[in-house]
Amino acid sequence: MNKKIYLAPIRGFTNALYRDLLTEYFGGFNLAVSPFISAVNEKRIKKSTLKDILPENNKGISIIPQILGNDPENIINLAKHIYDLGYESVNWNLGCPFPMVAKKRRGSGLLPFPEIINSILEKVIPNIQNNLSIKMRIGRNRNDEIFNIAPFLNQFPLEEIIIHPRTGIQMYEGEADPVVFEKCIKVFDHQLVYNGDIVNLDTFKTLNNRFMEVNRWMIGRGALINPFLPEIIRKGRDDNSDKLKTLINFHDELLYRYSQVLSGPSHIIDRMKGYWFYFSQAFKNKKEIFKKVKKVRTLEQYGSAVKDIYYDDHKLAI
Ligand SMILES: Cc1cc2nc3c(=O)[nH]c(=O)nc-3n(C[C@H](O)[C@H](O)[C@H](O)COP(=O)(O)O)c2cc1C
């Protein structure tokens with residue numbers, strides 16, 4: 001398959017540690033967009049801010065770092081630091097739906113203001129050396145806001161536009177809207193990347209058959225639940241009969257690596273519980289499994305809960 005599959009940025013989950021391990025255990029992804037870094041008013045950006053994108057932490061898979069912000073100077077400054085780390089491309093987040101972000105006119109909060117988006121791009125694009133791409137939703141409040149933005153975006157040399165066809169206020173509810181995405185293909189001059197709700201081979205095939213001209217696909221939560229998914233899509237079939245063994249090894253190594261970098265058991269447990277929101281969905285009795293993990297308080301309890309889950313004949317749903 002000559003299509004490209006991108007790992008979506010999922011803040012708190014698809015960080016460098018996870019991305020590295022994912023590519024060690026599973027194949028299929030061509031590249032990843034890393035979770036957003038906020039462009040703040042800070043001339044010399046701290047190394048800790050850039051930690052997730054430092055090249056030494058990203059040997060497994062190529063990444064495109066992502067910026068969240070609305071101040072052209074701050075975006076330019078962060079993009080320059082990113083360029084200096086060796087990244088020729090950078091992505092601008094126009095999708096983050098969280099009210100705290102959106103009410104400051106960042107992420108999806110900028111979508112109702114095409115002129116502001118335009119004026120930010122007018123200032124940023126001539127002043128950065130990186131190629132710029134955008135990841136956006138189809139609107140903040142309405143699913144047609146994107147069509148007021150498209151004529152502006154078409155005037156800029158953007159590398160690509162990743163579209164998650166939901167509105168900001170929808171958060172993750174309802175469904176991604178293929179009808180709006182179809183219209184986007186007609187109105188945008190740029191390469192589009194489809195993103196949203198690809199959870200198995202069938203959902204991919206349906207979308208791929210509908211949008212034959214789209215060559216780039218981004219998967220987030222579907223891969224957190226089923227990390228075999230990009231490889232299955234690539235092969236066009238699912239012929240792995242022993243997924244559980246790989247999932248167990250992957251989990252154990254993830255736990256081990258987090259225990260090396262996080263301080264104290266409660267941080268490690270909290271982090272792993274976060275992943276189990278997705279990992280549990282790989283099982284038929286997902287609710288029971290998530291409940292089991294959620295109630296653990298110590299690392300010993302965590303270890304025995306996970307052992308029960310993996311070795312107690314719970315059936316996989318992936
Ligand atoms: C917990 C969480 C964190 C996310 N963080 C980011 C982020 O940092 N940047 C971004 O552009 N999108 C972020 N997203 C959105 C995803 O990249 C993606 O657009 C969305 O989940 C839809 O794709 P999916 O259905 O394949 O997951 C996040 C989503 C979730 C659920």
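The values are calculated or read from the model by the stated rules, or taken from the named source; none is laboratory data. All of these numbers come straight from a predicted model, not from anything done at the bench. Note that each Cβ is placed from the backbone with ideal geometry, even for glycine, and that neighbours are counted across all protein chains shown.
Okay, here's what the table says:
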| read-out | value |
| --- | --- |
| Given (1) under 30 Å from ASP239 (Cβ atoms); (2) among the β-branched types (Val, Ile, Thr); (3) away from the ligand (no atom under 14 Å from the Cβ); (4) not in a helix (DSSP H, G or I), number of the condition ILE169 does not satisfy | (1) |
| Every residue from the range 1-23 that is more than 13 Å from the ligand (Cβ to nearest atom) and without any contact (Cβ under 8 Å) to a residue 40 or more places away in the chain | THR23 |
| Selection status of GLY28, assigned to a loop (DSSP other than H, G, I, E, B) and out of contact with any Leu (no Cβ under 8 Å at 6 or more places or on another chain) | no |
| Qualifying residue in the range 242-261 (condition: assigned to a loop (DSSP other than H, G, I, E, B) and among the polar types (S, T, N, Q)) | no |
| Hits in the range 273-304 - residues which are under 24 Å from the mean Cα position of the chain (by Cα) and not in a helix (DSSP H, G or I) | PHE283 |
| Residue among LEU78, LEU68 that is assigned by TED's automatic domain parsing to the domain that holds LEU153, more than 19 Å from GLU160 (Cα to Cα) and not acidic (Asp, Glu) | LEU78 |
| Of all residues making up the range 172-201, the number that are away from the ligand (no atom under 12 Å from the Cβ) and within 30 Å of ASN130 (Cα to Cα) | 13 |
| Cross-chain or 6+ apart pairs with Cβ under 6 Å, the range 52-65 first and within 24 Å of ILE134 (Cβ to Cβ), then at pLDDT below 95 and surrounded by fewer than 18 Cβ atoms within 10 Å (Cβ to Cβ) | none |
